[in-house]
Amino acid sequence: MSGRKCPAKVYDSGAMSSHTCGRAAAFEFGGRWFCKTHHPPTVKAKDEARHKAYTDKFNAEMARNAAARKAAAEQARRAACFDDLLEALQRLMQHANWMESCSHDDEGIKRDIERASAAIAKAEGTA
């Protein structure tokens, strides 16, 4: 070594002032010599690795949040269909019981089947 020292500015934790690194400089970059820690390509690579790790973690969290929102929306959509489905099925059961006891009205049954079909389509998300 030729006695070169790293010229990078170093800030002590909690301090408002800086000093030069002063470690032995073994890596040249842009006409200046740096230690391994402050060598600009090394610093850039570490910054990029930290940024990638943060971005990956952030994107994973966003994907989890989106999946949770989608599941909550689907649950709310299905809950909104519950009353319609229950009413349609109750009316069909009334017609089925009525048909067993006496003559039947085809038009009333057709209407209730249409309402049940609409409620089912709404619950399936196709309406």
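Quick notes
- Residue within region 63-81 that is assigned by TED's automatic domain parsing to the domain that holds residue 115, of a type outside the set (Lys, Arg) and over 30 Å from residue 120 (Cβ atoms) present: yes
- Pairs where the first residue, in region 103-127, is within 30 Å of residue 73 (Cα to Cα) and the second is charged (D, E, K, R) and modelled with pLDDT of 70 or more, C-beta under 6 Å, 6+ apart: 112/91; 119/84
- Residue list for region 5-62, filter: among the aromatic types (Phe, Trp, Tyr) and free of Cβ contacts under 8 Å to residues at least 24 places away in the same chain: 11, 27, 29, 54, 58
The values are calculated or read from the model by the stated rules, or taken from the named source; none is laboratory data. Here the structure is a predicted model, which means the values were calculated and not measured. Please note: Cβ atoms are built from the backbone with ideal geometry, for glycine as well, and neighbour counts cover all protein chains shown.
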